[in-house]
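Peer 1: What follows is a structure written as structure tokens; I'll ask about it next.
The values are calculated or read from the model by the stated rules, or taken from the named source; none is laboratory data. Nothing here was measured: the structure is a model prediction, and the numbers come from that model. Ideal geometry is used to build each Cβ from the backbone, glycine not excepted, and the neighbour counts take in all protein chains shown.
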Amino acid sequence: MSGQPQPITAPPKPSDEALAVASFLRNTNLKSRTCILQGQRKDLFKVKRALRALESPEYAKLSSKKGSKLPKVTNRAEAENAFRLLPMNLLALRVSKVEHADEEGHEGHSHGKKKRVKGQWDVKIEQHQEVREELYYCWFWEGPQWKQTVMAVGVLAVLLAVVMFPLWPPIMRLGVWYLSMGLLGLVGLFIAMSIFRLILFIITMVVVPPGLWLYPNLFEDVGFFDSFRPVWAWEKPKKAKAKKSKAVKGAPAVEPATMTTAPVTGSGATKKAFVEEE
């Protein structure tokens with residue numbers, strides 16, 4: 001009947017252009033977040049970031065290659081048309097956040113608390129599949145599954161090898177023993193170095209303050225080699241950090257002027273004036 005919403009039916013097979021666009025966006029950092037759709041975890045992304053990716057130089061370079069299935073994008077309208085291939089082929093659909101009742105079970109819901117993960121939305125599929133920057137879409141296409149298959153086979157092979165360890169040849173078992181001892185030695189060396197640098201810092205903090213750190217970036221969020229650079233550094237005093245923070249905030253370091261009072265005589269009355277000393 002006319003005037004009634006028609007159900008969305010999946011095409012027999014997604015088009016090559018739609019799969020190419022989906023593959024490109026899947027391999028692009030869209031800052032996706034996890035959402036819950038009908039009890040299942042899905043990846044959620046914003047349309048704004050997808051359109052930016054379709055207008056990026058990387059997309060233009062890939063789409064200009066010979067034999068590429070990616071549609072050409074030269075302006076915002078063509079980017080939106082390329083993005084529409086996703087809902088048309090049911091690779092990604094527009095969703096919206098579901099508002100829940102409060103903990104006391106108001107708004108007609110049954111009483112009882114429901115545990116929710118902070119920052120994780122419960123979403124529902126919207127009937128109108130529009131393309132606007134502020135909208136959110138949910139992935140229904142997971143991409144090629146060969147990586148998951150290879151990982152599963154690898155995990156099974158490792159488990160099988162561990163279970164059959166007593167049947168290994170003696171030379172292989174000896175090699176595994178030497179390898180495990182080497183890894184254990186590295187862990188022990190790291191612990192010993194951490195204890196030594198702490199003792200060294202405590203001694204130098206008392207003898208030659210503010211204290212010497214050996215490998216100051218050892219526990220910082222940096223790369224492996226950057227953890228050991230520089231070899232040593234002095235501890236920054238707290239006063240220097242406080243002055244630095246004040247300078248960043250823009251507070252001028254002005255020494256307070258000395259204020260004195262001097263009596264000034266007037267017509268029958270004594271007045272006080274503040275004189276600023278240089």
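Peer 1: Here's a check for you: in segment 205-237, which residue that is over 20 Å from residue 191 (Cβ atoms) and small (Gly, Ala, Ser) is surrounded by the fewest Cβ atoms within 10 Å (Cβ to Cβ)?
Peer 2: The residue in question is 223.
Peer 1: So, residue 193, is that one under 18 Å from residue 231 (Cα atoms) and surrounded by 10 or more Cβ atoms within 10 Å (Cβ to Cβ) or not?
Peer 2: Taking the combined requirement at face value, the residue satisfies it.
Peer 1: Any residue in segment 47-63 that is among the aromatic types (Phe, Trp, Tyr) and modelled with pLDDT under 90?
Peer 2: No: segment 47-63 contains no residue that is among the aromatic types (Phe, Trp, Tyr) and modelled with pLDDT under 90.
Peer 1: In contact (Cβ under 8 Å) with a residue 24 or more places away in the chain and touching a Cys at 6+ places or on another chain (Cβ under 9 Å): does that describe residue 84?
Peer 2: no
Peer 1: Somewhere in segment 137-149, is a residue farther than 21 Å from residue 88 by Cβ and more than 25 Å from the chain's Cα centre (by Cα)?
Peer 2: yes
Each row is one residue, and each column tells you yes or no for (1) at pLDDT 85 or above; (2) within 30 Å of the chain's Cα centre (by Cα); (3) among the acidic types (Asp, Glu).
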position	(1), (2), (3)
203	yes, no, no
206	yes, no, no
222	no, yes, no
230	yes, yes, no
238	no, no, no
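Peer 1: Return the pairs, sorted by first residue and then second, in which the second residue is acidic (Asp, Glu), the first residue lies in segment 192-209 and is part of a helix (DSSP H, G or I), the beta carbons are less than 9 Å apart, and the residues are 6+ apart or on different chains.
Peer 2: 201/235; 204/235; 205/235
Peer 1: Given the structure, is residue 82 at pLDDT 90 or above, surrounded by 14 or more Cβ atoms within 10 Å (Cβ to Cβ), farther than 17 Å from residue 137 by Cβ and over 24 Å from the mean Cα position of the chain (by Cα)?
Peer 2: Taking the combined requirement at face value, the residue does not satisfy it.
Peer 1: Name the single residue that is nearest to residue 78 (Cα to Cα) among those in segment 99-155 being modelled with pLDDT under 75 and hydrophobic (A, V, I, L, M, F, W, C).
Peer 2: 117
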